Structures are given as structure tokens and as C-alpha cells.
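Have a look at the structure below, then the notes.
The values are calculated or read from the model by the stated rules, or taken from the named source; none is laboratory data. Since we're looking at a predicted model, the values are computed, not measured. We place every Cβ from the backbone using ideal geometry, glycine too, and count neighbours over all the protein chains shown. For accessibility, only protein heavy atoms count, side chains too; no ligands or nucleic acids. Shrake-Rupley method; radii C 1.70, N 1.55, O 1.52, S 1.80 Å.
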Amino acid sequence: MTLYQANHTTDHAPPHILVMEDEETVARDLEMELEEEVYDVDLAFTLAGDLETFSNNDYDLVSADLRHQD
């Protein structure tokens, strides 16, 4: 059982996280680890995709690659 699972009942939606990362392997690894901990994860690989995804959803946390290449 994860820390999140131990502290929350099933009637709450899991935290929603956006991962903005241009390296797909890194993004997929983060997604896998976060989903294993019961987080709802969206990925964006390009700056245009990042901005569109971010502005069309509500996120509890955003992980951004500060050296994003596009």
C-alpha cells in the first residue's frame, strides 16, 4: 500500500499531475512510477502540447523540464 492509499479513501480522486518532458523515455518512466503510487498522470512532450494540455485541465502538480527542447 502506498502512502497516498493509506491516507485517502476511495471516494477521493487521486492527485492529477502533468509531466512536461521532451524526452519520452524520461516522461514514461515518471508516468509509470507516479501511476504506481496511484496518481493520475498526463504527459506533454512539446511546448505547444504542454501549453494546450495545461490550459485545458486542472492539475494539483506540474513537473516541468526547464531545459525543454522543442
Self-check item: Selection within the range 39-57 - open to solvent by 40 Å² or more (accessible area, probe 1.4 Å) and over 16 Å from Thr25 (Cα atoms)
Solution: Tyr39, Asp40, Leu47, Ala48, Leu51, Glu52, Phe54, Ser55, Asn56, Asn57
Quiz item: Right, Asp60: of a type in the set (D, E, K, R), open to solvent by 90 Å² or more (accessible area, probe 1.4 Å) and at pLDDT below 85 or not?
Solution: no
Quiz item: What pairs come up if the first residue lies in the range 32-56 and is touching a residue at least 12 places away in the same chain (Cβ under 8 Å), the second is open to solvent by 50 Å² or more (accessible area, probe 1.4 Å) and among the hydrophobic types (A, V, I, L, M, F, W, C), and their beta carbons are under 8 Å apart, counting only those six or more places apart or on different chains?
Solution: Glu37/Leu3; Asp40/Ala13; Val41/Leu30; Ala44/Phe54; Asp50/Ala64; Phe54/Val62
